[in-house]
Each structure stands twice: as C-alpha cells, then as structure tokens.
Amino acid sequence: MNIFDRRYETMPRPELEQLQLERLQALLARLRRKVRRYRESLADLRVESLDDLARLPFTTPETLADAFPYGLFAFPLREIIRLHSAVGPEGRPMVIGHTRNDLTQWSRLAARQLAAAGMTANDVIQIARGRAAAAAASGYLLGAELIEASVIAEDPLHLDYQLAMLQNYRPTVLITTPTHALDFARCLEQRRIDPQSLHLRSVLLSRNVNPQIREQVASGLFASVRCTFGLGEILDPGLCVECEAGQFHINEDQFLPEICDGELVITTLAREALPLLRYRTRLAASLRREKCICGRTGALVEPGQRLDRQFRFREITFYEAQIAHVLAQTPAAGHRFEVQLTETQLTIAIEISQDLFANTLTSAENPRRQIELELLARLGLEAEVRFVEPKR
Amino acid sequence: MLLQVRNLRCGYGSLEVVHGVSLHVAAGEIVGLLGANGAGKSSLLKAMVGLLPAWAGSICLEGRQTRGQPAWRCISNSLVLVPEGKMIFADMTVRENLLMGGYHNPDRNLQLELVLQRYPRLAERLHQLGGTLSGGEQQMLALARALMARPKILLLDEPSMGLAPRLVEEMFAEILKMKDLGVTVLLVEQNAMATLRIADRAYVMETGEITLEGQAADLLHNPEVKRAYLGAAGREGWEG
C-alpha cells in the first residue's frame, strides 16, 4: 500500500476522534473571533463531543453565494495568496480563497491521492484539464510536485498537440477529466495509434465515473484507471482518497463528514482562509465507518446524485439560470426553454414565437448560431440550439 | 495517545480562565502550547498536574483518568511539571535538589548518576547551593530535577524565561534531546518561533481557548501565531 501520510491516514479511530474534537473546538473559536456571520450564529454554542455537532448551524451554498466575494473569509485579503471561483446555486459565483498554509495542506492532500494511485517520483505526469477543472488542475500540480514527480507544465487545448505530447514527452501518468480521457481514447482509435505504443501506465480521472467508463478509458489508453472525488467549495482534489480497494476515504483529519437527510455535509477542520461549518454540499451520499483492507481509517463515502438542479456537460457544470442569463443577451431573451441532456449531447430547446425572427430576413439559422456561439463563449458549453413550437 | 485532555475547565475563585480545552500528546512527541500572557497556558498545566483543581473535563494519562488526583500522585504517574521561574530550592545543594526530584523513586541514587552523566556541569557543582548557580544553570537544574522522577511526559512552563539569548538556544537544544531519552514533552512558551522550530505539533491558545492546532512547521507561517504571541486580539477577519 502506498500511504503518503501514514500517521493521519491510518490514525486509530479514538485518536482521530480526539483530533477532530480538538480541531472542531479550535474552528469554532476561530469562527467566533474572525467571521462576523458565524459570530452571530454561533453566539455561545460550544461542543464537548462530536455528537454536539448536530446542534451547530449549517452553512449552505446560498450562504456562501450571499457572502460573495469575501464575506466568509477568516483572514484579511493580504493573507490570501490564491483565489479560485466556483459555480454556486443557480449559477451564482462563489470565491474560494487559500492562505499559504491552505496551499501547503492542499499539496499534501493531493499527494495522498497521487500516492494511493501508485504515483512516485519516478513518474512523468501530464495534467490535461481540457476546457474545465482549472482549479483542480492546480491542486494536482501541487501534489505532483510534492511527491517529486516530473510534471509537464504545458496543457495545450487542442487534442492534436496533447496527443503529440503523450507521444514525445512519454508521460507515465495522465491526470484528466473523464470526458477528455474518452476523447483521447477515441482519437487514438481514429488515427489507428496503438495505445500500447504510449508509455502510460496510469490514468487518474478528476471525478468518479461508472465501471463502464472506467473500462472504456482503461482499454482505450491501455492503463490502469483511478478516480478522485472532491468538491470545488471544499477541496478538489483533496477531500477524499480513492484507495487501492477502490473505496473513497474521506481525509477525516481535515474534514468532518455527516449525512443529513441523505445529503453529504462537511465541516472543514483545518482550512484557514475559508473555514466552513456543516456545509451542505447538495450531493446525495452514503457514509460507512468500517475497516478497509488498505489500512486507511477515514470514513468511506459513496457519492450519489446532485440534489440541486445542477447539470454537467463535458465537465462543465451549469444551472438553468445561467442559460437564461446568456439567452437574455440574445434574440431569445425571455423565451421559455428546456435543457435536454444526454451523455453525448446538450440541447437547448427554445420555444419560438414570431418576434424571434422579426428582424431576420433569411431563416432561423442566424439567431440559432448566434445563441450557440454565446453559450460557448460565456459558459464554454458546446450546445445545440433547437427551436420548438410553444407547448400548449 | 500518552496524554489526552478533554474539555478541561479551571480557574481561580469564580473566574474561569480555561474554557473547555482539549488537547493530546502522543508518545515521543514534542508539542508546543503557545499564547500570549494571560491566555491560560500555565493554569492549564497546573490543572493537568493537580496543582489547580479542574472544574470539569477529563485528563487521561495512558488511558487512565488522573483528574482529581493530588500533585504527588501525578509525579508517581510520570507526569512531571517544571514550573515557570525554575522554582529550585535555593538553600539546598544541587545534589539535594536533584534527590528531591526523585523523592518517590526508590532507585533515585542510580537515577542521580544517570542525570549527572547527562549534565556534567551540575556534577561539578554538586555541593554548591542551588541559589548560587547562574540563571542558565538553575534552569538546567530544574530540568535535571524533573528527570530524576523518570517522567514519561514533561510539562515545561516557560523554560526560556529570564535566560540570556545564548542560553535560550542551549535550553531549546536540551529540550530537543529529550526525544532521545524517550521523554515526551508538552512545552508552554512565549518564544513561539524557537518552540515551533523544535516541536512536532503545536496548539495556540487565546483567552482560555485553543484556536489553532497543527504541525509546527505549518504554524511557523501562520500570521495568527504572531498575533497570539504579541497578544493582539486578532479580530482581523474580512468583515465584508
């Protein structure tokens, strides 16, 4: 077993629970002192055991979006050395900040995942994020540098150049999104390039996928496949480690997980810049605390479906409200629409009316193309726009 | 876990100064406890060894509850405090001071030999009165006296206080050597930087509460550590 941080990853449960209690108490003391919104909601609430967690108030994605940009930060901006954005409820923006220590911690947590996936200083790692996952890519970079692997610091957008890098730089590990990995596999097949001619031995996917997709990537790129599971607002990668037995272990020395009404709720125990108390992730999940053959003691989490109306297409997450916002900048402003999503196709079906074409002499083609370009430019979404008759 | 403290409260009269503190120390660790004057660090140590009554909470040494036990029992349990300001017996010789430290230890004469091997400077001054030693030597004597009790865990309260800068360095080097002896250390200090350089982990305490826990190397970069050390209130969160 490749365990990067044996002390914390395999900490016996009584010791882990003591550490969690200490960190939770310290977190509450910091929140009361440093974040006005928590100071008001926490008042004199204190915890004497982990069971008392249930008495503490939740933080919701709406709270985080309401506090945009820096309202929940526990440090002044001069101490924040990196800012990332995340998509909040209904597409509202959220800002995630990191202090120097946050980044140090992130590098260790990412390194835990990379080590668990068998990566070492002998590996050459290519991080290909495609159009999405810029923040996650920076986390993998931190982890890869910490394990002293050789990281290819180039990430060309075009598949041709990425393929050339796979052939020329000979990376042994590819860290990428499932969509991008499948694109790679398809590209190799179309060009009749034998995946065995590459030097890949391992592919780490940026999110959890079903066994069929794992198999497709594994056979298409002739490499073993591992997945990560994280959440942008909390930490991605870094929330969990997928172990050798294929289980997601929450890094419980850093994150205290709960399941409330079937929803995964996370308290960040050691984050400095943006500590979150009982953050409702809007993700269904189940949690088990049982022994795993890998030796790690962190709770096992099985992620499920989103509980909000968040969509994902080719790794880009979006909400209906964002589509409406983009449409508002086009001739389709104010028209009713429907998002139709399959594995391979995103269609925005817009109900037409006469006024949509009032200024168009030729056909529906121009506004359709204009809307598609707007969706691509503003949200990065490669969607097909279709005009449909209004529903009665 | 060698030492486990949970929700400890203590104070003086009706004034609570430690508000439900939890911490732990694993065997072989050097753990720092940092904070400004009046944060409650020394009171916490005193409550751990029974010199100050603990109002609530638990103190477990190797899984056994020690809260409520008198101070002399704590020493028998190998939980030994080196108090702030050295507190050596000024009118006793170095030898007598050391033997007082091993009062409960039937093998104290053997232990004395081991301790003197470790501190040859004290061996040279064995029959000198404690009060006539220099400040650095007195602090060394306080440390050596604690070792006479064959501690599993040493609680050191401000060992660098009042020492010249060169002696402070020596003192911290000496504490680091405790690891080789298999002695675990909980070190209360205002000298945050020096403590974090030798400690494995550390806690930061502000006005009776722990506000931070982490690896010592990480806390070295934490601006809150500086604030706690300087005694500022640290209410500097973004108030947007």
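Tabulated data for the structure shown
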quantity	calculated
Qualifying residue in region A:60-68 (condition: more than 9 Å from chain B (Cβ to nearest Cβ), touching a residue at least 40 places away in the same chain (Cβ under 8 Å) and under 22 Å from B:E213 (Cα atoms))	no
Sole residue being in a strand (DSSP E or B) and more than 14 Å from every other protein chain (Cβ to nearest Cβ), chosen from A:A137, A:A86, A:A54	A:A86
Lone unmet requirement of (1) touching a Ser or Thr at 6+ places or on another chain (Cβ under 9 Å); (2) within 14 Å of chain B (Cβ to nearest Cβ); (3) at pLDDT below 95 for A:G130	(2)
Some residue of region A:120-135 being at positive phi and not aromatic (F, W, Y)	yes
Filtered residues of region B:184-224 (kept if more than 7 Å from chain A (Cβ to nearest Cβ), at negative phi, in a loop (DSSP other than H, G, I, E, B) and surrounded by 22 or more Cβ atoms within 10 Å (Cβ to Cβ))	B:A199
Criterion: exposed (fewer than 15 other Cβ atoms within 10 Å of the Cβ), assigned to a helix (DSSP H, G or I) and of a type in the set (A, V, I, L, M) - qualifying residue of A:A185, A:A181, A:A164, A:A218	A:A164
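Results for (1) in contact with a strand residue (DSSP E or B) (Cβ under 6 Å, 6 or more places away or on another chain); (2) surrounded by fewer than 19 Cβ atoms within 10 Å (Cβ to Cβ); (3) not charged (D, E, K, R), shown as yes or no for each residue.
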| site | (1), (2), (3) |
| --- | --- |
| B:K41 | yes, no, no |
| B:A56 | yes, yes, yes |
| B:P70 | no, yes, yes |
| B:F89 | no, yes, yes |
| B:G101 | no, no, yes |
| B:P106 | no, yes, yes |
| B:R121 | no, yes, no |
| B:M140 | no, no, yes |
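The values are calculated or read from the model by the stated rules, or taken from the named source; none is laboratory data. Note that this is a predicted model, so its numbers are computed, not measured. Methodologically, a virtual Cβ is constructed for each residue, glycine included, from the backbone with ideal geometry; neighbour enumeration extends over all protein chains shown.
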